[in-house]
Amino acid sequence: MTVAVKICGMTSADAIDAAVSAGATYGGLVFHPNSPRNVGLEQARALADRMRGRLQIVALIADMDDAGIANLTRTVRPDFLQLHGSESARRAAYIRAKFDVPVIKALPVSEPADLSAAAEYEDAVDMLMFDARPPKGAQRGGGHGQAFDWKILSGKSFSKPWFLAGGLSPENVARAIELSGAKLVDVSSGVESAPGVKDAGRIRDFVDAAKNPHHLSKQNA
């Protein structure tokens, strides 16, 4: 099984180069003022230009209004918009059509019943993301380093490709893939040396563990 990796929360050229060198497929830019990975539009433009043609550019937004999305898509020209707020399926479909950019919808998960929300979005978006539900009172939807029970995804099928996210790291990603059946994985804080600071070695180790099943035996030992 071939697994594709998304490194989210890029804030530096070095992080982008490390992700490319390691073999990641997607690079994420976060547009959320409460995140330590938040980037402004001009910084994002420069980072996106460095990614273009090397990584698929994903812009993470949360309940952003039309004017903000228009400015972002015009400036950054992302390959995907990742909706990480409380956007309804109707809103997701509207964004996808109006801005003509493929949409990934992140859904918070803490128990099996949470997976049922996917059915509402499958016709409205291009990809799904199952992310750990944030702690109570959290000021943002992701990047908390928390995980959920990956086994609840085992054997499940959806009409759109889906990412596994939340609490993944070089140490556990192979196990997470084995238990969930994920073919797409997303990591942010799990490959950092400090909040918002990506570590090239951890990026390399994460991608290697995700793409090489032989790591399973080491992690399960």
(request) Using per-residue counts of other Cβ atoms within 10 Å, averaged over each peptide, order 161-170, 147-156 from highest down. (result) 161-170, 147-156
(message) Spelling out what I want: for every residue of region 101-106, take phi, set θ = phi - 60°, compute 6.51 cos²θ - 1.76 cosθ + 1.60 (Karplus), and round to whole Hz; glycine and proline get x.
(response) 10, x, 10, 10, 10, 8
(message) What does DSSP give for the chain in terms of the percent of beta bridges that are antiparallel, rounded to the nearest 5?
(response) 5 percent
(request) For region 43-96, evaluate the Debye formula with one uniform point scatterer on each Cα (no solvent term) and list log10 I(q)/I(0) at q = 0.22 Å⁻¹, rounded to two decimals. (result) -0.82
(request) Starting from the Cα gyration tensor of the chain, multiply each eigenvalue by 5, take the square root, and state the resulting semi-axes largest first in whole Å. (result) 25, 22, 15
(message) Using the crude model of +1 on Lys and Arg Cβ and -1 on Asp and Glu Cβ, and no other charge, please compute the dipole size for the chain relative to its Cα centre, in debye to 20.
(response) 200 debye
(request) Using only the Cα atoms of region 1-115, each taken as one equal point scatterer with no solvent, compute I(q) by the Debye sum, divide by I(0), and report log10 of the ratio at q = 0.09, 0.12, 0.22 Å⁻¹. (result) -0.24, -0.42, -1.26
(request) Give the value in nm², to one decimal: projected area of the alpha carbon convex hull of region 58-171, averaged over all directions. (result) 7.6 nm²
(message) Quick check: net charge around Ala44, other residues with Cβ under 14 Å of its Cβ, Lys/Arg +1 and Asp/Glu -1?
(response) +3
(message) Applying a 10 Å radius around every beta-carbon, put 41-47, 8-14, 64-70, 189-195 in order of their mean neighbour count, most first.
(response) 8-14, 189-195, 41-47, 64-70
(message) Given the DSSP H assignment, sum -39500 (n - 2.57) over each helix run of at least 4 residues in the chain and divide by its residue total; what's the result at 222 nm in deg cm²/dmol, nearest 500?
(response) -9500 deg cm²/dmol
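Taken together, the values in this text are just the output of simple stated rules run on the coordinates, not laboratory data. All values derive from a computational prediction rather than experimental measurement. When we count neighbours, we look across all protein chains shown, and the Cβ atoms used for this are built from the backbone with ideal geometry, even at glycine.
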